[in-house]
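Enquirer: Structure incoming, see below.
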Amino acid sequence: MEILGIDIGGSGIKGALVNAETGEMLTERFRIPTPKSKKPKDMAKVVAEIVDHFNYKGPVGCGFPSIVKKGICKSPGNLDPSWVGVNIDELFTEYTGNEFTVLNDADAAGYASMNYGVGKGKDGLVVMITIGTGLGSGAFYNGILIPNFELGQIPYKKFKKIEKWAAASAKEKEDLSFKKWGKRFNKFLKLVELIVCPDLIIVGGGTSKKWEEFSHHIKIETNVVKAELMNHAGIIGAAVSCLREQHHGHLH
């Protein structure tokens, strides 16, 4: 079954066709920068461009960088505040003519790892951390998704949320070395370990490509592994979510 997966990030919106049985990407990834306004209608237009690029008709799975409950945005994350309360499924369906299933982007990346990657067959509490503009996290208990497990939102010192201090955006903004930033990321993982006591932590997102540069700074008891699907996990997992999640944007 061929499904279009779209991964929305703070800096880029990416899509590809995916074989939902094997998790294999069937096309090259197509990317358009996220509009500067980060507002709903502007972003919906870009999503429609991606659907048109693939000349695709059918259900679309979409990872979104915020808390999503039954298709509705509950927090702006790093996007424009006007997203709060928007039914993202319905908005994207309106702009594209395709039914959408939208879920948190780290939940989507987690789906990819749990179905086709290093998390496959793993029982207990598995937490997926994606390092990008923010720190996304997805949690699975015995293979079943616990949605919107947003550990990057934990307040830390003077920061409203720890991702402002420990995400890739903080590394870039402050021009931190991998050593300095790696220690911050380790501090974040220590808090994750303390609060939810996971059995396994999988690290993905853009920065995981540089795993060798910072993994030796991770010093916690929980087993921490790199997500081998890397930057494609969000697209692959989003496509699979169409088969698992129930909130579809309905065509009128």
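The values are calculated or read from the model by the stated rules, or taken from the named source; none is laboratory data. Computed from a predicted structure; not experimentally measured. Backbone-built Cβ (ideal geometry, glycine too); neighbour counts: all protein chains shown. Surface accessibility is based on the protein's heavy atoms, side chains included, excluding ligands, DNA and RNA. Shrake-Rupley method; radii C 1.70, N 1.55, O 1.52, S 1.80 Å.
Enquirer: Please state the Cα pair-distance histogram of region 129-196 with 5 angstrom bins from zero: what percent is in each bin?
Expert: P(r) for region 129-196, in whole percents per bin: 4, 17, 27, 26, 14, 8, 4, 1.
Enquirer: Return the single residue from ASP199, ASP107, ASP42 with maximal mean-square fluctuation; model: Gaussian network over the chain, springs between Cα atoms under 10 Å.
Expert: Comparing ASP199, ASP107, ASP42 in the GNM, the peak value goes to ASP42.
Enquirer: Ok, one more. Based on alpha-carbon positions alone, could you give the equivalent ellipsoid semi-axes of region 104-244 from the gyration tensor, as √(5λ), descending, whole Å?
Expert: So the three semi-axes of region 104-244 are 23, 15, 14 Å.
Enquirer: Another question about this same structure. Can you give me the pair-distance distribution of region 58-132, C-alpha pairs, 5 Å bins, whole percents?
Expert: 3, 16, 22, 20, 18, 12, 7, 2
Enquirer: Let me ask something else about it. When the accessible area of region 75-164 is split by element with a 1.4 Å probe, what percent falls to carbon and sulfur?
Expert: Working: 1870 of 3420 Å².
Within region 75-164, the accessible surface is 55 percent carbon and sulfur.
Enquirer: Assigning unit charges at the beta carbon (Lys, Arg +1; Asp, Glu -1) and nothing else, what dipole magnitude in debye, to the nearest 20, does region 161-252 show about its Cα centre?
Expert: In debye, rounded to 20, region 161-252 gives about 380.
Enquirer: May I pose another question? Any aspartates and glutamates with Cα under 18 Å of the LYS45 Cα? List them, leaving off those in the same chain fewer than 8 positions away.
Expert: Candidates past the 8-residue exclusion: ASP7, ASP80, ASP89, GLU90, GLU94, GLU99.
Enquirer: Separate question: Relative to 2.2 N^0.38 Å, what does the C-alpha radius of gyration of region 189-252 come to as a ratio? Two decimals please.
Expert: Region 189-252 yields a ratio of 1.48.
Enquirer: Please report how far the C-alpha centroid of region 1-45 lies from that of region 61-117, rounded to the nearest whole angstrom.
Expert: Rounded to whole Å, the Cα centres lie 11 Å apart.
Enquirer: Of all alpha-carbon pairs in region 18-77, indicate the percentage at a distance above 18 angstrom.
Expert: Of the Cα pairs, 46 percent sit more than 18 Å apart.
Enquirer: For region 100-218, what does the accessible surface come to per residue with a 1.4 Å probe? Please give it in Å².
Expert: In whole numbers, region 100-218 has 43 Å² accessible per residue.
Enquirer: What percentage of all Cα-Cα pairs in the chain are separated by more than 35 Å?
Expert: Beyond 35 Å sits 9 percent of the P(r) for the chain.
Enquirer: Still on this structure: Mind grabbing the base-10 log of I(q)/I(0) for region 1-147 at q = 0.10, 0.13, 0.17, 0.19 Å⁻¹? Debye formula, identical points on the C-alpha positions, no solvent, two decimal places.
Expert: Each listed q corresponds, in turn, to -0.32, -0.55, -0.95, -1.18.
Enquirer: Given a cut-off of 27 Å, name the pairs among LYS38/LYS173; LYS120/LYS179; LYS38/LYS160; LYS38/LYS70; LYS160/LYS187 whose C-alpha atoms lie farther apart than that in the structure shown.
Expert: Numbers: LYS38/LYS173 19 Å; LYS120/LYS179 31 Å; LYS38/LYS160 21 Å; LYS38/LYS70 21 Å; LYS160/LYS187 16 Å.
Pairs exceeding the cut-off: LYS120/LYS179.
Enquirer: Using the alpha carbons of region 89-162, what is the convex hull volume per residue in cubic angstrom, as a whole number?
Expert: Residue-normalised Cα hull volume stands at 122 Å³.
Enquirer: Place a +1 charge on the Cβ of each Lys and Arg in the chain and a -1 charge on the Cβ of each Asp and Glu, then give the dipole magnitude about the Cα centre in debye, rounded to the nearest 20.
Expert: I would put it at about 1240 debye.
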